[in-house]
Amino acid sequence: MDARGNSWTELFILRPRQYSYCGLQGINRYLLFYVVLYLVLFTNASPAKSCDKNCLSGKCINGTCVCDRGWVGDQCQHCQGRFKLTEPTGYLTDGPINYKYKTKCTWLIEGYPNAVLRLRFNHFATECSWDHMYVYDGDSIYAPLVAVFSGLIVPEIRGNETVPEVETNSGYALLHFFSDAAYNLTGFEIFYSINSCPNNCSGHGKCTTGNSIASRVYCECEKYWKGEACDIPYCRNNCGSPDHGYCDLTGEKLCVCNDSWQGPDCSLTVPSTESYWVLPSVKPFGTSLARASHKAVVQDKVMWVVGGYTFNYSSFQMVLNYNLESGIWNTMPSNSGPLPRYGHSLATYQDDIYMFGGKLEADTGNVTDELWVFNVAGRTWSQRTGMPPPHGQIYAVEGHSAHVATLESGDPVMVVFFGYSPVYSYISNVQEYNLKSNTWLVPETKGAVAQGGYGHSSTFDSASSSVYVHGGYKALPANKYGLVDDLYRYQVNTRTWTILQESGFPRYLHSAVLLSGTLLVFGGNTHNDTSLSNGAKCFSADFLAYDIACDEWQVLPKPNLHRDVNRFGHSSVVSNGSMYVFGGFSGVLLNDVLVFRPPSCQAFLREGGCLSAGPGVRCVWIRGHCKPWAPGKANFTTAPIILAEFCHAKPVTVDERCYRFSDCASCTSNTHGCQWCDDKKCLSAASNCTLNVKNFTQCPVRNEQVCSKLANCKSCSLNLNCQWDHHQQECHALPAHLCGDGWSHVGEACLRINASRESYDNAQHYCKNLEGNIASLTTTKQVDFVLEELQKLQSQEKRLSPWVGLRKINVSYWGWEDMSPFTNSSLQWLPGEPNDSGFCAYLEETQVSGLKANPCTATADGLICEKPAVSPNQSARPCKTPCSLRASCANCTSQSMECMWCGSAQRCVDSTAYVISFPYGQCLEWQTGDCLAQNCSGLRTCSQCLEQPECGWCGDPSSTGRGQCMEGSYRGPMKSPPKQGQNQGQIQEMTLELGLCPKDKGYEWAFIHCPACQCNGHSTCVNGSVCEQCRNLTTGPHCQTCMPGYHGDPTNGGKCQACKCNGHANVCQVLTGKCFCTTKGIKGDQCQLCDSENRYLGNPLRGTCYYNLLIDYQFTFSLLQEDDHHYTAINFMATPEQTNKNLDMSINASNNFNLNITWSVGSTAGTISGEEIPIVSHSNIKEFRESFSCEKFTFRTNPNITFYVYVSNFSWPIKIQFLYLPPWLPTTQQPRQSLPPRHRRPACDPATHVDGQTICSASQNRFCNCDPRSSFNLVLVF
């Protein structure tokens, strides 16, 4: 990436630059010429301004980088668009630095028909599971998908071939890259070549032209190398010939070992004290094996593989089997079996294989609760419908696991562990299916409180009837989600969970098997949240071993094979003492089989070597022989795990290791040596503790811990002891009684009396922090309770005079905080109360139920809070519709960031489960806000059209930018064929349909770039791309918007029409036509209404709207917000209240304004038909003050006289103060009464009025006309 040269204008192809240098000879000859030329051209002209930084993919013009097509950024450093490549070889890249957030880049490589294109990923680093590169074998995204890369691709073993190569065979390759709005990494550099040998034959062969297909090439490998790319060594060290074995050069080209030797090169004895990996030759049978998130089980040395995810389900085989001895694959065709699925579980019992749950990706993307049984002997499927639990339901899950165990009663049960439900989120329950009675059960478990998740591994140990569950993607504390390294053991008969030593390596979609007393964990997706993760690696070849006997983890060497074997979503089984790994995903779907053969205990002939064998195997010395260790049938019901006598003693546990266990049962059901202290915390067993519990059977009921594991509202609502907190988004246990500690249940409310000394507002804050409000004592039962409690306190010499939730609404009206009126029935005012200075009430005399009024800023001795009593059978608020049940983008994204919409999959998923919903990059792009058109036809411009990788643009013959967006490829538009004879679960394919955009009729198909002229049908172009003159009331560089005063969507030939605003606006919202009313108080899409809720009266259809003023108050109107910038006028109206008093009017503003004042005595005044008499007219003033005589305007004889004040022609932003009062009250003295706004709510506290903005406290938000975000603030100044 050191230099770039051009290949097409769409992309810079990386290649070495070639420089030519001439000597000094001849320089003087040209020097004078260049000096003269410079003087002629530039003496009278200003030099062009240079750019501050290099323009990487563009040109510097007047100090600004003008980017080439497909590139953006201040240095043209980011790809953003489509490119076409036709050179035989080249590079493609996102740019020289980290790629851009929210970017989409598409490259089309065009060879010749049926040519082989090879893509070599020299560098690749994107955010794992979020930013993807898709590779298609064709010229559109409707072509077969062959690879999806995400994450970090790095070498695993030095010297191995680690750079992935992808091959297409159609003569085209289409690469599409999408990144989201979060992290951006270094991106990629991909080398491509047409008709070249794979990996240049890896340096172990030569590229030769084949005879079978014209012009195709292949590798002719050197001796002892094989494979398509000559990258597989064979017969190393000549197989130890002749003593150990010999090399088969004519057949499969591998070592054939003698009976007492084994290994890839016959260098290990039989049995061996060493382990090794082998990649056996798979004998293909013509059907694609590749898949991921399948499941595999073994019966009679045959590995049965069922289901799985694949890129193309049209040729998918639901059931495969692999003979572990011969290495031969077979398919099991079935016409009446289940739909293809992945993320399901498999368990075997006798001759049957039980398949439960999973995701029906090829059908609807739904997660199912189906239970199917495959009979091995008869090769037939049958579906079972079990009886649901008596007081519960069957969870439809994916990413779970299952095993069949035999209970002590003799009944075989299939035990299903965890999983993810789109409706109930991450499941922490165990589900049991009784094979004999055909019934389901969700049992109560004992011991530790296990946290369930998706994509864990589980392994069944029949000797102890225990299941070991490791890792997974789970819900974490504080509403976080991610990978874990937990290891649990579940004892099936006692249904008891124990927490074992964690691995230290979080992962999911890995595999695990049990061999020789050791749990072997391989591969998986190890990428956690990018901000926490080391790198961005998705695919792992990590190999871990857990020693069951000693509760210890060790890291084993990664497979030392000829190539990397990173993967996730694979399967592992055990047969004949070996582990077999099949399939998975590493950017491409895998179809290989890996075999791990561990050391054999029988190979150790001495006790010392036997006991120190490993890691990866646990051996014991018994009667002179070394044998594999196996767990016994210990009683796991009460005692913690006892380590084997040969294990090293564990260090004493420190308290920090125990702090993470927040409940008694988990604290005492683990191998960390913890104890539950003082019924509140988990400490080391070595710590001092007053009251301790060391056995989970002595722990109290654990509702709180069980509820905390329920990951969403729906799952929480199923448990009658739990309730969902919508604010915290957490599930909490209901308290022992309905109100909780410190509260008293009184009628339908909970009451709490507090003795602290607070102001009224602080008292309200205190109650809100307790999820309540200051108490509205509206029932006799509540009043009697409060009086009785206060009298009890008084008898104990604790006299309280607490605030109650009673406030002064206006001059003569008092009301409770819950908006109910004060009726004086149960409580009464003391003599002389309420006084004029009091705005808030407190309870002064309990014996006579006496209330007193006080300023709200004063303090009172005590306060009373209330909150509703919660019943276990009713949730405070119903649960929202689960994301998975929302069928459209609009419904999906209406709940903020809670759900995410995937347009390519037409599915809505929970944002906490996006990664596991599309583990293989099935979602090309997600949305949480504005919804794009759900198909190409909804996109109205060419630029919008080509932003979507599935679309192309058909320009009409006018060549003015009009056209139609439609699904298509580089060669032309495409359509879905009629759905005839489509198999179950088969995804509908698209076919080329050139007649949709007929070239012979003047239509032009655009797939890489839009036609130069883009005027939306409203202009022709000059100079090829400049719109000459926009017609049809349009404007803009592409005639893409309506002129001011008009609205509509003129794109692609759309029309504009005049704004209809009833004379109260000059402009409107250009797309919707909603008018921007210029007079404050007029509202409505067509300025047809008065804002009556905020005291504006009038009729804008016949006149205008007025703010209805009150005498004796000062009003401040702050038009400061961005939404206010259209306002240029505001009108007021006021009627004198006293007929024998003059009126003073005072107006001042921060900007100049025009002023007109009129008066009228008719009820129709202020409208077109009304009669108004002008009395004041001023222009360009900032303040005005005038006194209106009661005699001149005959207030006494005209009781309906009204003054109309018109403030206009001001500029935004502005503050206007209006004072309207009788002359006996000086303007420097403001009235000390509360303003009666709408709904009898009190005015805002003046102390909250700062710089013209009203900041409401928590208690004021409920009452005041002072929404902090409103553009209009009404303020009473004291």
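The values are calculated or read from the model by the stated rules, or taken from the named source; none is laboratory data. Predicted model, so just to flag it, every value in this text is computed and none were measured. With ideal geometry, Cβ positions are generated from the backbone for all residues, glycine too; neighbour counts draw on all protein chains shown.
Taking helices (runs of 4 or more DSSP H) that do not extend beyond segment 569-679, which have at least 3 residues that are among the β-branched types (V, I, T) and at pLDDT below 90?
none
For segment 328-359, enumerate the residues that are surrounded by fewer than 22 Cβ atoms within 10 Å (Cβ to Cβ) and not in a strand (DSSP E or B).
M332, P333, S334, N335, S336, G337, L339, Q350, D351
Hey, does segment 882-895 have a residue that's at positive phi and within 12 Å of the chain's Cα centre (by Cα)?
There is no residue in segment 882-895 that is at positive phi and within 12 Å of the chain's Cα centre (by Cα).
If we keep just the residues of segment 429-462 that are buried (at least 19 other Cβ atoms within 10 Å of the Cβ) and among the hydroxyl-bearing types (S, T, Y), which is nearest to N719 (Cα to Cα)?
For segment 429-462, the residue satisfying everything is T445.
To keep it simple, each residue is scored yes or no on (1) buried (at least 22 other Cβ atoms within 10 Å of the Cβ); (2) under 22 Å from S464 (Cβ atoms); (3) not assigned by TED's automatic domain parsing to the domain that holds Y309.
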site	(1), (2), (3)
S540	yes, no, no
Y546	yes, yes, no
C550	no, yes, no
W553	no, yes, no
L556	no, no, no
S575	no, yes, no
S578	no, no, no
V581	yes, no, no
G584	yes, no, no
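Report every pair of residues separated by at least 6 positions or lying on different chains whose Cβ atoms are under 6 Å apart, first residue within segment 764-779 and at negative phi, second buried (at least 16 other Cβ atoms within 10 Å of the Cβ) and assigned to a loop (DSSP other than H, G, I, E, B).
From residues that are at negative phi, the pairs are N773/E817; I774/E817; S776/E817.
Condition test on N1108, is it touching a helix residue (DSSP H, G or I) at 6+ places or on another chain (Cβ under 8 Å), in contact (Cβ under 8 Å) with a residue 12 or more places away in the chain and either assigned by TED's automatic domain parsing to the domain that holds S1208 or basic (K, R) (or both)? Spell out how you get there, then give the answer.
Numbers: touching a helix residue (DSSP H, G or I) at 6+ places or on another chain (Cβ under 8 Å): no; in contact (Cβ under 8 Å) with a residue 12 or more places away in the chain: yes; either assigned by TED's automatic domain parsing to the domain that holds S1208 or basic (K, R) (or both): yes.
Spelling it out, it is not the case that N1108 is touching a helix residue (DSSP H, G or I) at 6+ places or on another chain (Cβ under 8 Å), in contact (Cβ under 8 Å) with a residue 12 or more places away in the chain and either assigned by TED's automatic domain parsing to the domain that holds S1208 or basic (K, R) (or both).
Kindly indicate the residue of segment 494-527 that is among the polar types (S, T, N, Q) and within 20 Å of E398 (Cα to Cα) and also modelled with the lowest pLDDT among those meeting that condition.
T526
Please go through segment 1189-1241 and pick out each residue that is within 54 Å of the chain's Cα centre (by Cα), small (G, A, S) and modelled with pLDDT of 80 or more.
Those that are within 54 Å of the chain's Cα centre (by Cα), small (G, A, S) and modelled with pLDDT of 80 or more: S1208, S1211.
Do any strands (runs of 3 or more DSSP E) entirely within segment 238-307 hold 2 or more residues that are crowded, with 16+ Cβ neighbours inside 10 Å and among the hydrophobic types (A, V, I, L, M, F, W, C), and if so, which?
254-257, 276-278, 295-299, 302-306
Out of the residues in segment 740-766 meeting the condition of being out of contact with any Ser or Thr (no Cβ under 9 Å at 6 or more places or on another chain), under 24 Å from S801 (Cα atoms) and not polar (S, T, N, Q), tell me which one is surrounded by the most Cβ atoms within 10 Å (Cβ to Cβ). Step through it out loud before you land on a result.
Applying the first criterion (out of contact with any Ser or Thr (no Cβ under 9 Å at 6 or more places or on another chain)) to segment 740-766 yields 740-745, 754-756.
Next, only the ones that are under 24 Å from S801 (Cα atoms) stay: 741-745, 754-756.
Those left that are additionally not polar (S, T, N, Q): 741-743, 745, 755.
Numbers: D741: 8, G742: 11, W743: 21, H745: 14, A755: 12.
So the residue we want is W743.
Do the conditions hold for G673, that is, is it touching a strand residue (DSSP E or B) at 6+ places or on another chain (Cβ under 9 Å) and at positive phi?
Spelling it out, G673 is indeed touching a strand residue (DSSP E or B) at 6+ places or on another chain (Cβ under 9 Å) and at positive phi.
If I go through segment 844-887 residue by residue, how many of them are part of a strand (DSSP E or B) and either over 19 Å from A749 (Cβ atoms) or at pLDDT 90 or above (or both)?
Total satisfying the criteria: 15.
Given T103, T86, T43, T64, which one is within 30 Å of R216 (Cβ to Cβ) and either at pLDDT below 50 or within 40 Å of the chain's Cα centre (by Cα) (or both)?
When all the criteria are applied, what remains is T86.
Among the residues that make up segment 350-361, is at least one of them in contact with a helix residue (DSSP H, G or I) (Cβ under 9 Å, 6 or more places away or on another chain) and either of a type in the set (A, V, I, L, M, F, W, C) or outside the structural domain of Q922 (by TED's automatic domain parsing) (or both)? Talk me through it step by step, then tell me what you get.
Just the residues of segment 350-361 that are in contact with a helix residue (DSSP H, G or I) (Cβ under 9 Å, 6 or more places away or on another chain), to begin with: 359, 361.
Narrowing the set further to residues that are either of a type in the set (A, V, I, L, M, F, W, C) or outside the structural domain of Q922 (by TED's automatic domain parsing) (or both) leaves 359, 361.
The answer is yes, given that some residue of segment 350-361 is in contact with a helix residue (DSSP H, G or I) (Cβ under 9 Å, 6 or more places away or on another chain) and either of a type in the set (A, V, I, L, M, F, W, C) or outside the structural domain of Q922 (by TED's automatic domain parsing) (or both).
Is it the case, given these coordinates, that Y1107 is among the hydroxyl-bearing types (S, T, Y), in a loop (DSSP other than H, G, I, E, B) and modelled with pLDDT of 90 or more?
So Y1107 does not fit the description; no.
When you scan segment 994-1090 for strands (runs of 3 or more DSSP E) that lie fully inside it, which ones turn up with 1 or more residues that are farther than 24 Å from P973 by Cβ?
So the answer is 1046-1048, 1056-1058.
Listed here are the residues, each with its yes/no results for (1) in contact with a strand residue (DSSP E or B) (Cβ under 6 Å, 6 or more places away or on another chain); (2) in a loop (DSSP other than H, G, I, E, B).
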{"position": "V66", "(1), (2)": "yes, no"}
{"position": "L92", "(1), (2)": "yes, no"}
{"position": "K100", "(1), (2)": "yes, yes"}
{"position": "P113", "(1), (2)": "no, yes"}
{"position": "R120", "(1), (2)": "yes, no"}
{"position": "F124", "(1), (2)": "yes, no"}
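Would it be correct to say that V416 is part of a loop (DSSP other than H, G, I, E, B) and either at pLDDT 95 or above or surrounded by 15 or more Cβ atoms within 10 Å (Cβ to Cβ) (or both)?
Spelling it out, it is not the case that V416 is part of a loop (DSSP other than H, G, I, E, B) and either at pLDDT 95 or above or surrounded by 15 or more Cβ atoms within 10 Å (Cβ to Cβ) (or both).
Assigned by TED's automatic domain parsing to the domain that holds Q80, surrounded by 21 or more Cβ atoms within 10 Å (Cβ to Cβ) and at pLDDT 90 or above: is that true of F191 in this structure?
Here the answer is no, as F191 does not meet what is asked.
Just to be sure I understand, how many residues within segment 913-944 are hydroxyl-bearing (S, T, Y), crowded, with 20+ Cβ neighbours inside 10 Å and either in a loop (DSSP other than H, G, I, E, B) or at pLDDT below 90 (or both)?
The total comes to 2.
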